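J.: Sharing a structure, written as structure tokens. Questions coming.
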Amino acid sequence: MNYFFAVLISLSFPLSSSLNHAPKTETFSVDSVIHTGIHETEEAALLHFEDSVVALHQALHLSDYNLPLEVFRYAMIGYNTAFQQGRLNNKKLLTIIDFTQSSRRKRFYTLDLENLKMTYNTYVSHGKNTGEDEAKHFSNIIHSNQSSLGFYLTAETYIGSKGYSLKLDGLEKGFNDNMRARAVVMHEADYVSEYWIKKYGRLGRSQGCPALPVELSKEIIDTIKDHTLIFAYYNNSTYLQNSFYLNIDQLISNTCAMARGEKTVKPIH
């Protein structure tokens, strides 16, 4: 059975009746949401969103992959914001890099939100000045050799010094909008492997690029290229408190406006 929450993101997933209950097998559409009056108050829309995030986290079995609900919730706030801005293609894919996890963990996740499945779960590098095994320091500065936090948009592919690569555009001013200038791209690396972990106790590190295992890199790049979203997470209070893409109040306000047939508010970059 397909489940639908169209007011936020036009994707299919089950809704739970509350944050502490299992998902209900109930179908929602734009018309049913509008007719039930969910769009009439921001408080109700917020509860609807929170319930849906919990249910989707359960439906994707993300706890089995060690992806916390808190991280997924942040990612979904940003995903819905980017969706409302019209930045995303129609693949309905979301990639999350959880930099709170050790480099020895498979902390790269590509989620198929339409078919409710984990498309990829693998290793990913961080910048050499971001940390050793654990990521600790992040930057938007050229030549910092650090990873950047926040939401990136995938762009075009090319063949460069690192082989088949994917260009990335940072969406967040001050946090990652220098990614093009820094030449931070997605590419393969032999130091992103279980062999490297066994030999050195951690993955090798990049100059800030999210490098992937050689055997998966091209496949992943071809899957997520051309305007899908990547969320690079770390529990950095400055970022979490100041990111436009994590502004839940603005998201809910826009959602209610969409339900009333109004235009959404878009940021100026």
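The values are calculated or read from the model by the stated rules, or taken from the named source; none is laboratory data. Small disclaimer: the values here were computed from a predicted structure and weren't measured. Don't worry about glycine lacking a Cβ; one is built from the backbone with ideal geometry, like all the others, and counts go over all protein chains shown. In case anyone asks, the SASA skips ligands and DNA or RNA and just uses the protein heavy atoms, side chains included. Shrake-Rupley method; radii C 1.70, N 1.55, O 1.52, S 1.80 Å.
J.: Right, residue 14: under 28 Å from residue 230 (Cβ atoms), at pLDDT below 50, crowded, with 21+ Cβ neighbours inside 10 Å and not hydrophobic (A, V, I, L, M, F, W, C) or not?
T.: Judged against the criteria, residue 14 is a match.
J.: Could you figure out which of (1) surrounded by fewer than 20 Cβ atoms within 10 Å (Cβ to Cβ); (2) under 22 Å from residue 91 (Cα atoms); (3) not β-branched (Val, Ile, Thr) isn't true of residue 242?
T.: Residue 242 satisfies every listed condition except (2).
J.: Next up: Under the condition of being under 28 Å from residue 121 (Cα atoms) and either open to solvent by 80 Å² or more (accessible area, probe 1.4 Å) or over 24 Å from the mean Cα position of the chain (by Cα) (or both), which residue from region 23-57 is modelled with the highest pLDDT?
T.: Restricting to residues being under 28 Å from residue 121 (Cα atoms) and either open to solvent by 80 Å² or more (accessible area, probe 1.4 Å) or over 24 Å from the mean Cα position of the chain (by Cα) (or both), the top hit is 24.
J.: Here's another thing I want to ask about it. In region 119-163, what residues are at pLDDT 95 or above, assigned to a strand (DSSP E or B) and closer than 14 Å to residue 206 by Cβ?
T.: The answer is 127, 138, 147, 163.
J.: Scan region 104-118 for residues that are surrounded by 16 or more Cβ atoms within 10 Å (Cβ to Cβ), not aromatic (Phe, Trp, Tyr) and not in a loop (DSSP other than H, G, I, E, B) and jot them down.
T.: Across region 104-118, the qualifying residues are 110, 111, 112.
J.: Of 214, 185, which residue is aliphatic (A, V, I, L, M) and open to solvent by 50 Å² or more (accessible area, probe 1.4 Å)?
T.: Of 214, 185, the one residue that is aliphatic (A, V, I, L, M) and open to solvent by 50 Å² or more (accessible area, probe 1.4 Å) is 214.
J.: Please verify whether region 251-267 includes one or more residues that are open to solvent by 10 Å² or more (accessible area, probe 1.4 Å), out of contact with any Cys (no Cβ under 9 Å at 6 or more places or on another chain), in a loop (DSSP other than H, G, I, E, B) and modelled with pLDDT of 95 or more.
T.: For region 251-267, residues open to solvent by 10 Å² or more (accessible area, probe 1.4 Å), out of contact with any Cys (no Cβ under 9 Å at 6 or more places or on another chain), in a loop (DSSP other than H, G, I, E, B) and modelled with pLDDT of 95 or more: absent.
J.: Could you go through region 70-79 and let me know if any residue there is among the β-branched types (Val, Ile, Thr) and open to solvent by 10 Å² or more (accessible area, probe 1.4 Å).
T.: no
J.: Another one. Does residue 172 qualify as being open to solvent by 60 Å² or more (accessible area, probe 1.4 Å), under 17 Å from residue 234 (Cβ atoms) and either of a type outside the set (Ser, Thr, Tyr) or in contact (Cβ under 8 Å) with a residue 60 or more places away in the chain (or both)?
T.: So residue 172 fails the test.
J.: Do you know which residues across region 164-194 are outside any strand (DSSP E or B) and touching a strand residue (DSSP E or B) at 6+ places or on another chain (Cβ under 8 Å)?
T.: 171, 172, 175, 176, 177, 178, 179, 180, 184, 187, 189, 192
J.: Can you name the residue in region 119-162 that is open to solvent by less than 50 Å² (accessible area, probe 1.4 Å) and of a type in the set (Phe, Trp, Tyr) and, of all such residues, is farthest from residue 181 (Cα to Cα)?
T.: 120
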